[in-house]
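Scroll down for the structure; my scribbles are underneath it.
A short reminder: the numbers here are calculations on the coordinates, not readings from a lab. Remember, predicted model here, so these are calculated numbers, not experimental data. Glycine also receives a Cβ, built like all others from the backbone with ideal geometry; neighbour counts cover every protein chain displayed.
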Amino acid sequence: MTWQVRQSTRFSRTYKRLNDSLAKAVDSAVEKIAADPSVGVKKKGDLAKLYVYKFRHQGQLYLLGYTKDSVIRVLYLEDLGPHENFYRDLKR
């Protein structure tokens with residue numbers, strides 16, 4: 001059974017600006033996460049609630065950050081972007 005997926009405003013703003021091929025890659029990554037939320041790596045420290053799923057598109061490494069609520073089975077897509085400055089921007 002898949003999880004319900006919600007987007008944060010930060011994620012939706014970023015997703016709107018993506019080109020079509022990258023948007024398809026993100027959709028595929030979201031489907032994988034919705035099927036099995038444990039595929040991401042749980043972070044430590046300031047970002048302890050965050051899970052990060054890494055995927056490549058055209059040779060570039062992208063990170064998709066999400067949180068999950070196991071009680072009501074909802075995934076919240078927090079942010080998306082290349083590895084460069086990803087964690088710094090999430091802490092803001």
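A few notes on this one:
- Helix-only mean residue ellipticity at 222 nm for the chain, each DSSP H run of n ≥ 4 adding -39500 (n - 2.57), per residue, nearest 500: -9500 deg cm²/dmol
- Compared with the direct C-alpha span, the chain from Q60 to D20 gains 12.8 nm at full extension, assuming 0.36 nm per residue.
- Computed from Cα atoms alone, the Kirkwood hydrodynamic radius reported for the chain is 13.3 Å.
- Selection of GluC sites (Glu not before Pro), the chain, meeting DSSP coil and at most 15 other Cβ within 10 Å: E84
- Placing a pseudo-label 7 Å from each Cα along the Cα-to-Cβ vector at D69 and V41 gives an inter-label distance of 2.8 nm.
- Loop-located trypsin sites (Lys or Arg not before Pro) in the range 1-37 whose Cβ has at most 12 other Cβ within 10 Å (DSSP): R17
- Most mobile of A48, A35, A25 in a GNM of the chain (Cα contacts under 10 Å): A48
- Backbone N under 19 Å from the N85 label point (7 Å along Cα→Cβ), restricted to the range 53-77: 60-65
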